[in-house]
Amino acid sequence: MPPDATSGSTADTDSLLRPVAVRGERVYVIDEEGNRYLDAAGGGGVVTIGHGVRSVADAVGTALRELPFVHGGVFDTPQSLELAAMLSGSFPGPEQDADVIFTSGGSEATEVAIATARRYWAAKGEPARQTVLGRWHGYHGGTAAAQTLSGNRAPRQAYAATEVPLAAPCYCYRCPFDVEFPFCEVACAHDLEETIRRAGPETVAAFICEPIVGETSGAVPPPTYLKTIRDICDTHGILFIADETLTGGGRTGQFFAIEHWDVVPDMLIVGGGLASGYAPLGALLVSEKVSEEASGADEPLEPTFTYQAHPPSVAAGLAVQQYLERHELIARAPERGEYLTDHLAPLNRIARVGEIRGQGLLRTIELVADKSKRTPIPPESLFVERLFEKLRHDGVIVHAVRGTIDGTAGEHLMLAPPFVITEAEIDRPVHALEDALRSTSM
Ligand SMILES: Cc1ncc(COP(=O)(O)O)c(C=O)c1O
C-alpha cells in the first residue's frame, strides 16, 4: 500500500512511537503493555475474518510441518488446486475456466498482469502492444512497473520505471472536469479514449483500475462508469484489468467489487482479502479468453516467482476462504457496512468532514479545512496525524492517509474493519472518531 500518513520517516512523524503488537483477537490487537486496540482499519483493508482464528493457524501449522516449500512452477499442492478452483469459480460473469496464478501480494500480481497482457498480444501477432494504462491517483503496488501505472505522485517519482499516460481519476467529490453525475456523462471514463490516443492505440495492451479506489481516495464510481470503461476497452480491443487487491474477498459485499456493476473484466487481482493477513498471498485471475491465447505463446503463462503458491500461504488462503463461507461473512459485510454508514452519517455535521463515502465495510472520511469550498487542510497542521494519534491513544486504529486530492494535497481516514465486527464494536470507533474530530484543532 502507499505510505500512509503515520508510517513515513519525516522528522514530524518520527516522533510517533509505534506500539509493539504481540497478539490479535478477532477485531483487537494487543500490545506488549496489554493495551487493546480496536482494529477499525483491518490492518489497511487486509484483515477480513479477524485475528486469531484457530482453524487458519492450524492449517498454516500443518502446511509448515508437512510441506513448507515446493516451487509453484514445478508442483501443485492439494490446497493450491482447491483454492485455485474456488477462485476460478468466483470469476464474475458467465461460468468459465479462469486461470489462477498465486503471488505474494498485489504488487506481484500487477506485474504478472502486465506480463500476461503483453504475452496475449504477442501471441495474437501484435507485439507492439506493450503499454498498460492506468489512472491518475490509483494504486497498484510498490514495484517499479506497478508504480508506473499508479499515478500516486510522490512514490511514482521515486519508483516508476517509465512514464505512461494516465487517465483521469473517477473522483466525483472533486471531479477533474468539475461536472456532476449524470450531467458529466462520465467524462472521466471518456478520458480513457483520449489517453489511449495519446499513448498510440496500436501500442496499448490493457487498462488497469481499482473498481472502487482503495487507499488513495476511497472513491466509488457512479453507476455507468465501469460499463463505459469496459465499452471503451472493447472498442479499442484492449484488455481490462480490475485491481481488487483491497476490495477482493468480500469487503464491499460481493466477492469482487466490480460485481456491483455487472461488468466483467479480462483479468482480476486479489490480495489481502485472500488470506486475511494470515500469510502473504495474492492472485491474478486470468479469463479463459486471455489465458488460452497467452499460454499459447512460447513460454508457459506462469511467471517464476520463487514464492508463488507458497504452500503455507496457500493453505492460509484456503482456510480463510472456507471460514468466510462457513460463517457466511461476505453476506455480513453489506449489513454491517450499512450500520457503519448510518452511524457515521451524523459526523457529516462536523466542520472538518468533507465527505463520507464507500461501500460495504470500506469507508473513507475525507477531511477538509472549509466544507463549502472543499479546501484541503494545510499539511503543516498535521491534522490527520494528530487525529490518528488521538484515536490510537483512545484504543482505536484507523488508516490515516495523506495526498487524497492529487497524491500530495488532502487527507482522509479509511475504515476497513474485519467482517466479524459486531454492531456494539462499530459504535466504539464511531464515538472515538466523533470525539477526535470535534476536539482536534486544525
Ligand atoms: C489496489 C491495490 N493494488 C496493489 C496493492 C499492492 O499490494 P501489495 O502491497 O500486497 O503488494 C495494494 C496495496 O495496498 C492495493 O491496495
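Taking the options V286, V270, V213, name whichever one is more than 16 Å from the ligand (Cβ to nearest atom) and either within 30 Å of V27 (Cβ to Cβ) or buried (at least 24 other Cβ atoms within 10 Å of the Cβ) (or both). Give the steps one after another, and end with the answer.
Working: V270 fails: more than 16 Å from the ligand (Cβ to nearest atom); V213 fails: more than 16 Å from the ligand (Cβ to nearest atom).
Sole residue among the options that is more than 16 Å from the ligand (Cβ to nearest atom) and either within 30 Å of V27 (Cβ to Cβ) or buried (at least 24 other Cβ atoms within 10 Å of the Cβ) (or both): V286.
Test each condition in (1) in contact with a Leu (Cβ under 6 Å, 6 or more places away or on another chain); (2) more than 16 Å from the ligand (Cβ to nearest atom); (3) under 22 Å from A145 (Cβ atoms) for A242 and report the one that comes out false.
(2)
Would you confirm whether any residue within region 246-260 is under 22 Å from F181 (Cβ atoms), in contact with a Phe, Trp or Tyr (Cβ under 9 Å, 6 or more places away or on another chain), within 16 Å of the ligand (Cβ to nearest atom) and in the same structural domain as H140 (by TED's automatic domain parsing)? Give the steps one after another, and end with the answer.
Taking region 246-260 as the starting set, the residues that turn out to be under 22 Å from F181 (Cβ atoms) are 247, 252-254, 257-260.
Filter once more, keeping what is in contact with a Phe, Trp or Tyr (Cβ under 9 Å, 6 or more places away or on another chain): 247.
Cutting the leftovers down to within 16 Å of the ligand (Cβ to nearest atom) gives us 247.
Now narrow it down to the ones that are in the same structural domain as H140 (by TED's automatic domain parsing): 247.
The answer is yes; a qualifying residue exists.
Grab the helices (runs of 4 or more DSSP H) fully contained in region 91-182, keeping just those with 1 or more residues being at pLDDT 95 or above and within 14 Å of the ligand (Cβ to nearest atom).
Numbers: elements: 106-123, 144-150, 153-159.
Counting at least 1 such residues, we get 106-123.
On the phi < 0 side of the Ramachandran plot and either in contact with a Gly (Cβ under 8 Å, 6 or more places away or on another chain) or surrounded by 20 or more Cβ atoms within 10 Å (Cβ to Cβ) (or both): does that describe A144? Write out each step before concluding.
Values: on the phi < 0 side of the Ramachandran plot: yes; either in contact with a Gly (Cβ under 8 Å, 6 or more places away or on another chain) or surrounded by 20 or more Cβ atoms within 10 Å (Cβ to Cβ) (or both): no.
Taking the combined requirement at face value, the residue does not satisfy it.
Return the residues of region 337-360 that are open to solvent by less than 40 Å² (accessible area, probe 1.4 Å), more than 17 Å from D427 (Cβ to Cβ) and not hydrophobic (A, V, I, L, M, F, W, C); say none if nothing qualifies.
Within region 337-360, G354, R357, G358, G360 meet the criteria.
Which residue pairs have Cβ atoms closer than 8 Å, lie 6 or more positions apart in sequence or on different chains, and pair a first residue in region 305-320 that is over 11 Å from A59 (Cβ atoms) with a second residue that is part of a loop (DSSP other than H, G, I, E, B) and of a type in the set (D, E)?
Close Cβ pairs (under 8 Å, with a partner that is part of a loop (DSSP other than H, G, I, E, B) and of a type in the set (D, E)) amount to Q308/E302; A309/D76.
So the check is Cβ under 6 Å with 6+ separation or different chains; which pairs have a first residue in region 195-220 that's aliphatic (A, V, I, L, M) and a second one that's part of a loop (DSSP other than H, G, I, E, B) and within 11 Å of the ligand (Cβ to nearest atom)?
I212/T247; A219/V213; V220/I212
Being small (G, A, S) and not assigned by TED's automatic domain parsing to the domain that holds V263 is true for just one of G93, G73. Which residue is that?
On the way: G93 fails: not assigned by TED's automatic domain parsing to the domain that holds V263.
Step by step, each of G93, G73 is checked, and only G73 is small (G, A, S) and not assigned by TED's automatic domain parsing to the domain that holds V263.
Of everything in region 224-237 that's surrounded by fewer than 24 Cβ atoms within 10 Å (Cβ to Cβ) and either of a type in the set (V, I, T) or in contact (Cβ under 8 Å) with a residue 60 or more places away in the chain (or both), which residue is farthest from the ligand (Cβ to nearest atom)?
By that ranking, first place goes to T235.
Residue check: is L437 closer than 20 Å to G249 by Cβ and either open to solvent by less than 10 Å² (accessible area, probe 1.4 Å) or in contact with a Phe, Trp or Tyr (Cβ under 9 Å, 6 or more places away or on another chain) (or both)?
Details: closer than 20 Å to G249 by Cβ: no; either open to solvent by less than 10 Å² (accessible area, probe 1.4 Å) or in contact with a Phe, Trp or Tyr (Cβ under 9 Å, 6 or more places away or on another chain) (or both): yes.
No, not satisfied.
Could you pull out the residue among R363, R386 that is open to solvent by 10 Å² or more (accessible area, probe 1.4 Å), farther than 17 Å from R18 by Cβ, touching a helix residue (DSSP H, G or I) at 6+ places or on another chain (Cβ under 9 Å) and among the basic types (K, R)? Walk me through it before giving the result.
Numbers: R386 fails: farther than 17 Å from R18 by Cβ.
None of the other options fit; the residue is R363.
Restricting to region 74-90, name every residue that is part of a helix (DSSP H, G or I) and open to solvent by 90 Å² or more (accessible area, probe 1.4 Å).
Step one: filter region 74-90 for residues part of a helix (DSSP H, G or I), giving 78-89.
Result: P78, L81, E82.
Among the residues of region 333-364, what is the count of those that are outside any helix (DSSP H, G or I) and among the acidic types (D, E)?
1
Please verify whether region 186-209 includes one or more residues that are within 16 Å of the ligand (Cβ to nearest atom), of a type outside the set (D, E, K, R) and open to solvent by 10 Å² or more (accessible area, probe 1.4 Å). Spell out how you get there, then give the answer.
Filtering region 186-209 down to residues within 16 Å of the ligand (Cβ to nearest atom) leaves 206-209.
Then keep just the ones that are of a type outside the set (D, E, K, R); that gives 206-209.
Subsequent filtering for residues that are open to solvent by 10 Å² or more (accessible area, probe 1.4 Å) retains none.
For region 186-209, residues within 16 Å of the ligand (Cβ to nearest atom), of a type outside the set (D, E, K, R) and open to solvent by 10 Å² or more (accessible area, probe 1.4 Å): absent.
Where in region 1-73 are there strands (runs of 3 or more DSSP E), lying fully within it, with 3 or more residues that are at pLDDT 95 or above and open to solvent by 50 Å² or more (accessible area, probe 1.4 Å)?
On the way: elements: 21-25, 28-31, 36-39.
It comes to 21-25.
The values are calculated or read from the model by the stated rules, or taken from the named source; none is laboratory data. Quick caveat: nothing in here was measured; it's all calculated off a predicted structure. When we count neighbours, we look across all protein chains shown, and the Cβ atoms used for this are built from the backbone with ideal geometry, even at glycine. Surface accessibility is based on the protein's heavy atoms, side chains included, excluding ligands, DNA and RNA. Shrake-Rupley method; radii C 1.70, N 1.55, O 1.52, S 1.80 Å.
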